[in-house]
């Protein structure tokens, strides 16, 4: 076990709520259709903020909760597929806002697996040279959504959450992880394509910021490969599926999670869900869920939990933690 | 595999997936209108059929009835 403590967690959700009924006035859909297929009733969208603003608020809350000074932080890692810009990276803006002058800052791009991939990097940093860091999943997906496309507009939302983690002598930490990428099927879930042209070329690729997905293939991928990943990571941790108290899965779609729980032979109650309130917030879904469950004491010390992200890439990441 | 064996195996999957009685599934059963399957239910059924028969099935727009599904499975098994 890598002895690492999750000292604090925090979330920042934009105030503006968009319900299924409101979307039904904009496009040919309805609440019953959306909810029965996805488990989503509403989502939140920014009206003035960008990704770095949400991430900074999370980081500020993490410092307040943990009583650490900004200069106690060695690194800030923000996982996002919707940064303010490619440069400066989102984490650098968080660092500036915090005044964390001793910290280095970097972004990580792994779509809906972003937070788990970020935790993999962060825990590796702690196991080598560093003492304490912040990992945040932060998204403003509303800027990547085609608000006229009912097949994708209903799915996504904005939000951010994260954790402050540090090396510890306590008997808690990371038991095992399994990260996997499936780049050969990358086309099933895409977003944010840049235009590519220069003074010497014709148009190589056109700008296409919007989400596009192959629903069948994404469903197929998630319901088949996530159980495979969980089987592998549990074997690495020398545990069975029954040994995990709470499974925190990426909150894309309730039906996908129900299918995964069934394939694992686990009670659905071990798979808490909150996508009804937030929709799919990509790299932010797992830490938002983690923070809510910690606040409600559904996730607490003494438990064994699984963090699982899956999505664009295509990618999957799973970690088993002893709290 | 005989036609009856294919049908019985498909029926088993549908009975389990939708919590049906055995006699509620026949070749003429319409997956949307009789069983109330939506697109994700169909994805799940196709996944299970693929796993149980060890075949690949293409996207499901033209699978409306149990007969359609059985015919797709038979075509894949014969290929």
- For the stretch B:10-24, pairs from a residue that is within 16 Å of residue B:36 (Cβ to Cβ) to a residue that is in a loop (DSSP other than H, G, I, E, B), with Cβ under 6 Å and 6 or more apart or across chains, are B:14/B:25; B:18/B:35
- Item | Search result, residues across the stretch A:239-286 that are surrounded by 24 or more Cβ atoms within 10 Å (Cβ to Cβ), within 17 Å of residue A:43 (Cα to Cα), more than 14 Å from chain B (Cβ to nearest Cβ) and in contact with a strand residue (DSSP E or B) (Cβ under 7 Å, 6 or more places away or on another chain) | A:250, A:251, A:278, A:279, A:280, A:281, A:282, A:283, A:284, A:286
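Given the criteria within 14 Å of another protein chain (Cβ to nearest Cβ), surrounded by 13 or more Cβ atoms within 10 Å (Cβ to Cβ) and within 18 Å of residue A:223 (Cα to Cα), does residue B:14 qualify? Let's see the steps before the verdict.
Details: within 14 Å of another protein chain (Cβ to nearest Cβ): no; surrounded by 13 or more Cβ atoms within 10 Å (Cβ to Cβ): yes; within 18 Å of residue A:223 (Cα to Cα): yes.
Taking the combined requirement at face value, the residue does not satisfy it.
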- Item | Residues of the stretch B:40-72 that turn out to be facing chain A (nearest Cβ under 10 Å), exposed (fewer than 14 other Cβ atoms within 10 Å of the Cβ) and not in a loop (DSSP other than H, G, I, E, B), as a count | 1
- Task: Would you mind finding the one in A:165, A:268, A:256, A:204 that is assigned by TED's automatic domain parsing to the domain that holds residue A:281 and under 18 Å from the mean Cα position of the chain (by Cα)?
- Result: A:256
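Any idea which of A:173, A:99 is at positive phi and without any contact (Cβ under 8 Å) to a residue 60 or more places away in the chain? Give the steps one after another, and end with the answer.
Values: A:173 fails: without any contact (Cβ under 8 Å) to a residue 60 or more places away in the chain.
Criteria check complete, one pass: A:99.
Of the residues that make up the stretch A:198-206, is at least one within 14 Å of chain B (Cβ to nearest Cβ), surrounded by fewer than 19 Cβ atoms within 10 Å (Cβ to Cβ), out of contact with any strand residue (DSSP E or B) (no Cβ under 7 Å at 6 or more places or on another chain) and farther than 30 Å from residue A:57 by Cα?
Checked against the condition, which is being within 14 Å of chain B (Cβ to nearest Cβ), surrounded by fewer than 19 Cβ atoms within 10 Å (Cβ to Cβ), out of contact with any strand residue (DSSP E or B) (no Cβ under 7 Å at 6 or more places or on another chain) and farther than 30 Å from residue A:57 by Cα, the stretch A:198-206 yields no hits at all.
The values are calculated or read from the model by the stated rules, or taken from the named source; none is laboratory data. Computed from a predicted model, the values in this text were never measured in an experiment. Because the Cβ atoms are built from the backbone with ideal geometry, glycine has one as well, and the counts that use them run over all protein chains shown.
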